[in-house]
Amino acid sequence: MTEDEAIAAIGDAVEDLTTGRTGVLTDAGPYTSPTTRRTTFLVFIRPERGGVEWTVEPEQVRRRADAAAPHRCAPPGHRPFRGHHRATRRTAAPGPPPLTR
C-alpha cells in the first residue's frame, strides 16, 4: 500500500502483512520517534474489537479481502463514548461551618 492509499484507507479493515494481525487503520502520516528523532511515514492500526494500537510501514499493510465495504469505527451520527474522560457535574463538598464571633 502506498502512502496515498494508506491515507485513503483510514477507517478500513486491514491486514498487517508482517505479523498477520488484522484491525482498523486509524491514522496514517509522518511520525517522529522521540528517542531517535527520525521521521518515517507510518500507519496506525487498532484491533477491531479494541485493544492496543500498533504501527507499521504502509508497504506492509493491505486492505482485507473479506471486507466488502469500508469498515468505519462508528455508524454515521453515532455519538462517541467518552469513557472516564467525560466531564461529570460534581456538587461542592460541604466545607467547614462559617466562623462566628
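Using 0.36 nm times the number of residues separating Glu59 and Thr26, minus their current alpha carbon distance, what extension gain do you get?
Numbers: separation 33, 0.36 × 33 = 11.88 nm, distance 1.59 nm.
My answer for the length gained is 10.3 nm.
Can you tell me the order of 8-14, 48-54 when each peptide is scored by its average per-residue count of other Cβ atoms within 10 angstrom, highest first? Show your work: numbers first, answer last.
Values: 8-14: 18.9, 48-54: 10.6.
Result, highest mean Cβ count within 10 Å first: 8-14, 48-54.
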(request) Tell me which residues come under 5 Å, amide H to amide H, from Tyr31 once H is placed; ignore anything under 5 positions away on its chain. (result) Thr40, Phe41, Leu42
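A short reminder: the numbers here are calculations on the coordinates, not readings from a lab. Since we're looking at a predicted model, the values are computed, not measured. Backbone-built Cβ (ideal geometry, glycine too); neighbour counts: all protein chains shown.
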